[in-house]
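One structure below.
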Amino acid sequence: MSLWIRKHKVQAMTLTEIMVVLAITAIITGLSFMILRLVQKNMYAIQTNYEYRTEIQSLETALTIDFHSCTASYWNALEQQLTLRSPLTTQNYKFYKDSIRSDIKTYVIQTDSIQLYFQGKTVAEGEIDAIRLHFNRTTNLHRSFIFRYNDPSIHFAYGN
């Protein structure tokens with residue numbers, strides 16, 4: 001039996017073959033980590049965009065609810081503040097460069113432009129019944145337009 005073991009040698013790889021295998025393994029491992037890093041960056045960008053979009057939707061929902069529940073809404077251009085009043089509550093939205101703060105929550109959203117309307121006409125200050133917001137980091141197609149139906153009593157106050 002010892003003769004049989006001596007006749008059959010175990011095949012071994014040469015040093016050159018081992019170095020080629022190690023080089024190929026290193027290249028494949030490097031490419032794998034590079035692809036993983038790219039995927040992680042893209043996933044982070046998707047997560048950031050999703051959070052930003054969710055924040056915009058949350059603001060739109062809050063403004064819509066507050067606009068529809070209020071009887072009067074005012075814009076103070078000096079303080080960049082939107083005040084929504086109803087017989088039961090008053091809700092304030094203060095617009096900063098990097099965020100919008102309400103009495104309940106702070107929305108980390110940057111606005112490009114704010115357009116205010118009252119009875120279909122653009123106004124700069126005072127009573128409003130609609131607001132159009134255009135946000136940073138969104139396409140030109142995405143603009144929020146929030147409005148409320150006016151109480152008929154405003155026609156008595158303004159003589160229209």
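Scanning the range 122-146 for residues that are surrounded by fewer than 15 Cβ atoms within 10 Å (Cβ to Cβ) and either in contact with a helix residue (DSSP H, G or I) (Cβ under 7 Å, 6 or more places away or on another chain) or of a type in the set (V, I, T) (or both) returns T122, R137, T139. Answer with yes or no whether N150 is surrounded by 13 or more Cβ atoms within 10 Å (Cβ to Cβ), in a loop (DSSP other than H, G, I, E, B) and modelled with pLDDT under 90. So N150 passes the test. Remark: pairs (first residue in the range 113-133, of a type in the set (A, V, I, L, M); second residue surrounded by 15 or more Cβ atoms within 10 Å (Cβ to Cβ) and not in a strand (DSSP E or B); Cβ separation under 7 Å; 6+ apart in sequence or on different chains) = L116/I128.
Take the conditions (1) farther than 27 Å from Y149 by Cβ; (2) surrounded by 11 or more Cβ atoms within 10 Å (Cβ to Cβ); I56 misses just one of them, which is (1).
Meeting the requirement of 2 or more residues that are touching a Leu at 6+ places or on another chain (Cβ under 7 Å), the strands (runs of 3 or more DSSP E) wholly within the range 26-103 are 72-76, 90-95.
Filtering the range 51-60 to residues that are of a type in the set (S, T, N, Q) and either modelled with pLDDT of 95 or more or within 15 Å of D103 (Cα to Cα) (or both) leaves only S58. Is it the case that some residue within the range 11-18 is surrounded by 10 or more Cβ atoms within 10 Å (Cβ to Cβ), free of Cβ contacts under 8 Å to residues at least 40 places away in the same chain, in a helix (DSSP H, G or I) and of a type outside the set (K, R)? Yes, there is a match, as at least one residue in the range 11-18 is surrounded by 10 or more Cβ atoms within 10 Å (Cβ to Cβ), free of Cβ contacts under 8 Å to residues at least 40 places away in the same chain, in a helix (DSSP H, G or I) and of a type outside the set (K, R).
Residue-by-condition table, conditions (1) surrounded by 12 or more Cβ atoms within 10 Å (Cβ to Cβ); (2) modelled with pLDDT under 95; (3) charged (D, E, K, R):
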| residue | (1), (2), (3) |
| --- | --- |
| R6 | no, yes, yes |
| S32 | no, no, no |
| N49 | yes, yes, no |
| C70 | yes, yes, no |
| Y93 | yes, no, no |
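Determine whether the range 112-126 contains at least one residue that is within 15 Å of E55 (Cα to Cα) and in contact with a Leu (Cβ under 6 Å, 6 or more places away or on another chain). Looking through the range 112-126, none of the residues is within 15 Å of E55 (Cα to Cα) and in contact with a Leu (Cβ under 6 Å, 6 or more places away or on another chain). With the structure loaded, tell me whether S58 is without any contact (Cβ under 8 Å) to a residue 60 or more places away in the chain and under 21 Å from the mean Cα position of the chain (by Cα) or whether it fails that test. So S58 passes the test.
Residues in the range 110-121 that are surrounded by fewer than 11 Cβ atoms within 10 Å (Cβ to Cβ) and part of a strand (DSSP E or B): S113, K121.
The values are calculated or read from the model by the stated rules, or taken from the named source; none is laboratory data. Here the structure is a predicted model, which is why all the values come from computation and not from measurement. A quick note on method: Cβ atoms are made from the backbone with ideal geometry, for glycine too, and the neighbour counts reach across all protein chains shown.
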